[in-house]
Amino acid sequence: MKLICLFCFFLLLCSCRSYQFVPNGFLVDGDEFYHNADKKISIELFGDFKNYSGTTKRGLRQDRLYSGDRKILKALGYGPNDVDVLFSGKPDVDPYYQVMAVAAKKGLLDSSAFIRQYLPSGTYFYRKTALRGQTVLEAIIPSAEGNYSLIYVASKEGFTQDFEHLLANNVRKPHRGALYFLPDRTTIGCDTREAVHVDLKIPEREVIRGRYTLVKVLKKERFGESLAIFTLNGEEVDPHVVFKLCPGKYRLIYSDLKHTIIWQDEFEVH
């Protein structure tokens, strides 16, 4: 009897195993890309995606699934022993679709049940599934270190145009592998002749070693702040930013990948 109970407990434990998220992923508000330093991948989303907000209950989650995600993943054949999750996101504006991305724990995702499709930019594998009245579109897309699945859960109205845009933005030819991972952004916002070279350094006493960090530069606007620059710093790299900026007032933020501020300062460009 004890053996039967232990066996049942083991089955229950396996069935309740949580999906794991790939470490070192991030989204910078104001930038449309999700980046993952471990997978060396950048996935272009849309400007209406932001980091998850506990107030709106929407946004890009990188440490916990939304309610119902687990059932969708298992229905698609992705068990917690097979894949790791990159993100699960819901935009802040209509249409309220959902996007998830997963990658195989080992090797490549199996595309044998998918249909090969072609775009001028490259090849991907596609399938369409109906789950409990929801339309789910999925594409397995090559990446620098393998492939990943982009899962699109259509809104109640059934709009799928955004999925087509996601494919156009993310399907790339293998020989362009260097473009799979571009974890930085620069927005000048004025005539280049007006822009001024700036050399920004983080004080040595504030530098964190042994983990990835971000340097962000936000321009102060009448309505708040806008993202001008961000760059990812390696685990043993001195944070150092050399760029051109327009005249104006700015805030420099040095943070971890979860956007916890380590150090910040304000400066002005004349």
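State all residues of the range 32-57 that are crowded, with 22+ Cβ neighbours inside 10 Å and of a type outside the set (A, V, I, L, M); if no residue qualifies, say none.
34, 35, 36, 39, 49
With respect to residue 222, determine if the residue is of a type in the set (D, E, K, R) and at pLDDT 95 or above.
Criteria not met by residue 222.
Taking into account only those residues within the range 114-132 that are outside any strand (DSSP E or B) and at pLDDT below 95, which is surrounded by the fewest Cβ atoms within 10 Å (Cβ to Cβ)? Let's see the steps before the verdict.
Going through the range 114-132, the residues outside any strand (DSSP E or B) turn out to be 114, 120-121, 132.
Those left that are additionally at pLDDT below 95: 120-121, 132.
Details: 120: 7, 121: 14, 132: 9.
Here the residue is 120.
Each row is one residue, and each column tells you yes or no for (1) among the hydroxyl-bearing types (Ser, Thr, Tyr); (2) assigned by TED's automatic domain parsing to the domain that holds residue 148; (3) in contact with a strand residue (DSSP E or B) (Cβ under 7 Å, 6 or more places away or on another chain); (4) assigned to a loop (DSSP other than H, G, I, E, B).
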{"position": "188", "(1), (2), (3), (4)": "no, no, yes, yes"}
{"position": "208", "(1), (2), (3), (4)": "no, no, yes, yes"}
{"position": "211", "(1), (2), (3), (4)": "no, no, no, yes"}
{"position": "214", "(1), (2), (3), (4)": "no, no, yes, no"}
{"position": "220", "(1), (2), (3), (4)": "no, no, yes, no"}
{"position": "230", "(1), (2), (3), (4)": "no, no, yes, no"}
{"position": "238", "(1), (2), (3), (4)": "no, no, no, yes"}
{"position": "252", "(1), (2), (3), (4)": "no, no, yes, no"}
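Have a look at 89, 79 and point out the one that is of a type outside the set (A, V, I, L, M, F, W, C) and either within 18 Å of the chain's Cα centre (by Cα) or closer than 24 Å to residue 257 by Cα (or both).
Working: 79 fails: either within 18 Å of the chain's Cα centre (by Cα) or closer than 24 Å to residue 257 by Cα (or both).
The match here is 89.
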Can you tell me which residue within the range 254-263, out of those that are part of a strand (DSSP E or B) and touching a Phe, Trp or Tyr at 6+ places or on another chain (Cβ under 8 Å), is surrounded by the fewest Cβ atoms within 10 Å (Cβ to Cβ)? 261
When the range 180-200 is checked residue by residue, the ones that are of a type outside the set (Asp, Glu) and without any contact (Cβ under 8 Å) to a residue 40 or more places away in the chain are 193
For the range 190-206, give me the residue count where each residue is in a loop (DSSP other than H, G, I, E, B) and of a type in the set (Lys, Arg). 1
Would a scan of the range 76-87 turn up a residue that is out of contact with any helix residue (DSSP H, G or I) (no Cβ under 9 Å at 6 or more places or on another chain), outside any helix (DSSP H, G or I), surrounded by fewer than 13 Cβ atoms within 10 Å (Cβ to Cβ) and at pLDDT 95 or above? yes
Take the residues in the range 217-253 that are among the hydrophobic types (A, V, I, L, M, F, W, C) and farther than 21 Å from residue 189 by Cβ, then tell me which one is surrounded by the most Cβ atoms within 10 Å (Cβ to Cβ). 232
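For (1) part of a strand (DSSP E or B); (2) basic (Lys, Arg); (3) modelled with pLDDT of 95 or more; (4) in contact with a helix residue (DSSP H, G or I) (Cβ under 8 Å, 6 or more places away or on another chain), each residue gets a yes or a no:
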| site | (1), (2), (3), (4) |
| --- | --- |
| 12 | no, no, no, no |
| 47 | no, no, no, no |
| 70 | no, yes, yes, no |
| 92 | no, no, no, no |
| 101 | yes, no, yes, no |
Residues satisfying the stated conditions in the range 73-92, i.e. touching a residue at least 24 places away in the same chain (Cβ under 8 Å), of a type outside the set (S, T, N, Q) and touching a Phe, Trp or Tyr at 6+ places or on another chain (Cβ under 9 Å): 73, 78, 80, 83, 84, 85, 86, 87, 89, 90, 91, 92
Being touching a residue at least 12 places away in the same chain (Cβ under 8 Å) and buried (at least 18 other Cβ atoms within 10 Å of the Cβ) narrows it down to one residue among 98, 20; which is it? 98
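Residue-wise test of (1) under 28 Å from residue 60 (Cα atoms); (2) of a type outside the set (Gly, Ala, Ser); (3) modelled with pLDDT of 95 or more.
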position: 206; (1), (2), (3): no, yes, yes
position: 216; (1), (2), (3): yes, yes, yes
position: 228; (1), (2), (3): yes, no, yes
position: 234; (1), (2), (3): yes, no, no
position: 237; (1), (2), (3): yes, yes, no
position: 243; (1), (2), (3): no, yes, no
position: 247; (1), (2), (3): no, yes, yes
position: 254; (1), (2), (3): yes, yes, yes
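The values are calculated or read from the model by the stated rules, or taken from the named source; none is laboratory data. All values reported here derive from a predicted model rather than from experimental measurement. Reconstructed Cβ throughout: ideal geometry from the backbone, glycine too, with neighbour counts over all protein chains shown.
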